[in-house]
1. When the residues of segment 1-26 are narrowed to those that are within 12 Å of VAL221 (Cβ to Cβ), assigned to a loop (DSSP other than H, G, I, E, B) and not hydrophobic (A, V, I, L, M, F, W, C), which ends up most open to solvent (accessible area, probe 1.4 Å)?
2. Determine which single condition PHE189 fails, assuming it passes every other condition in (1) out of contact with any Phe, Trp or Tyr (no Cβ under 9 Å at 6 or more places or on another chain); (2) at pLDDT below 95; (3) closer than 21 Å to ILE11 by Cβ.
3. Among (1) within 23 Å of LEU123 (Cβ to Cβ); (2) open to solvent by 80 Å² or more (accessible area, probe 1.4 Å), there is one condition PRO150 misses while meeting the rest; what is its number?
4. Of the conditions (1) under 28 Å from the mean Cα position of the chain (by Cα); (2) surrounded by fewer than 16 Cβ atoms within 10 Å (Cβ to Cβ), GLY166 satisfies every one except a single condition; which number is it?
5. Look through segment 207-250, keep the residues that are in a strand (DSSP E or B) and charged (D, E, K, R), and return whichever of them is most open to solvent (accessible area, probe 1.4 Å).
6. Which number in (1) in a helix (DSSP H, G or I); (2) more than 30 Å from the chain's Cα centre (by Cα); (3) not β-branched (Val, Ile, Thr) marks the one condition that SER192 misses?
7. Anything in segment 109-124 that is part of a loop (DSSP other than H, G, I, E, B), open to solvent by less than 70 Å² (accessible area, probe 1.4 Å) and not polar (S, T, N, Q)? List them, or say none.
Amino acid sequence: MNLHEYQGKQILASYGVRVQRGYVAHNAEEAVVKAKQLTAETGTGWHVIKAQIHAGGRGKGGGVKLAKNLDQVQEIAGQIIGMDLITPQTPPTGKRVHKVLVAEDVYYPGESETKEFYMSVLLNRGKGRNMIMYSTEGGMDIEEVAEHTPEKIFTEEIDPAVGLQGFQARRIAFNLGLSGEAFKEMVKFVDSLYKAYIGSDSSMFEINPVLKTSDNKIMAVDAKVTLDDNALYRHADLAEMRDITEERPIEVEAKEAGLNYVDLDGTVGCMVNGAGLAMATMDLIKYAGYEPANFLDVGGTADAKRVETAFRIILKDPNVKAILINIFGGIVRCDRVAQGVVDAYKNMGDAIKVPIIVRLQGTNAEIAKELIDNSGMPILSAVQFQEAADQVKVALS
């Protein structure tokens, strides 16, 4: 589950991480009120207006701007709220901005120059360990840094048996070229950041930039946070942060129906039970020369109601030209699944206007094939994996 910047900063602050302070506003007038409140609390004279969407690169798209007075706060907030912000991480049509973060200006003059760093905490799946990735090149796309100056990217792997050690936090501060008070501040920052990552059961914390202020404070100016959905049952307060306006409506509907669904860009819809089989099915579709339109795992049950719900969700994608159903009958018998498919097809009438290919394997697979073949419905059946791929070719040729 992705979070907005202001929500990520709330988590960070609760673990003692210093953050750029700010308040959320939903319209231009509220932005002015929040700016006045922020000035009274922090003494900031300038304000940064930041669009709140689930995407990076907001500054490049015009979603982050500096306001030097209250009139500019109102003007800029009015421009950003309601705009369709296009960034390298949004769809081509962009994402509608519903709120902004009015934040304090932290690039004030002082005894030393400000410096920006990059830092993220995430899981190294190859080694089964969390790692901290960091760079002196903050404020830039980390992909560009990795491509052009990979020597400027450092990683620190965390042993799960002992957690983050003090010498590792100090090594990070040293590699970032810090000394004195800034060095001590960075050590505290790294320690608190890792505690926030572990404590919130996140799958990623990305802070870009981490700022060394002119008075040698270390703070998070941005926060891109992804929570582990599977751990949200332990964090009711974090689950409430979900913003469904930032998610695709079709994925929201699928989640409410208890279906694991991810929208993709292909033309062959998939309805499968089990994530592993779903991945294999998508591979099969690609080997057949086509692209999957979705990832959809119906889970361990596949009765008529559940199949019908899955059909309706898949068919909301206008790009779908065929649907491949691939079910392994272990927990549920294949003949029951087949009957569910036939009943769902009958209930939906003329709503299904694309070819349906059903591949059932497992308990009573042959009986299931007979049920489908004798149903009178225009459904293509298969028993073998490759046979299903061949049926897809036949249906779309």
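1. ARG21
2. (2)
3. With respect to (1) within 23 Å of LEU123 (Cβ to Cβ); (2) open to solvent by 80 Å² or more (accessible area, probe 1.4 Å), PRO150 is out only on (2).
4. (1)
5. The initial filter retains those residues of segment 207-250 that are in a strand (DSSP E or B), namely 207-212, 218-220, 224-227.
Adding the requirement that they be charged (D, E, K, R) leaves 212, 224.
On the way: LYS212: 12, LYS224: 70 Å².
Filtering segment 207-250 for residues that are in a strand (DSSP E or B) and charged (D, E, K, R), the one most open to solvent (accessible area, probe 1.4 Å) comes out as LYS224.
6. The single condition SER192 does not satisfy is (2).
7. Initially, segment 109-124 is screened for residues part of a loop (DSSP other than H, G, I, E, B), giving 109-114.
Next, from what is left, pick out any that are open to solvent by less than 70 Å² (accessible area, probe 1.4 Å): 110, 112, 114.
Selection gives GLY110 alone.
Yes or no, residue by residue, for (1) under 11 Å from VAL102 (Cβ atoms); (2) of a type in the set (Lys, Arg); (3) without any contact (Cβ under 8 Å) to a residue 60 or more places away in the chain:
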{"position": "SER14", "(1), (2), (3)": "no, no, no"}
{"position": "ALA31", "(1), (2), (3)": "yes, no, no"}
{"position": "THR42", "(1), (2), (3)": "no, no, no"}
{"position": "ILE49", "(1), (2), (3)": "yes, no, yes"}
{"position": "GLY56", "(1), (2), (3)": "no, no, no"}
{"position": "GLY62", "(1), (2), (3)": "no, no, yes"}
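The values are calculated or read from the model by the stated rules, or taken from the named source; none is laboratory data. Just so it is clear, the structure is predicted and the values come from calculations on it, not from any experiment. Here the Cβ is made from the backbone with ideal geometry for all residues, glycine too, and neighbour counts use every protein chain on show. Note: areas computed on protein heavy atoms with side chains; ligands, DNA, RNA excluded. Shrake-Rupley method; radii C 1.70, N 1.55, O 1.52, S 1.80 Å.
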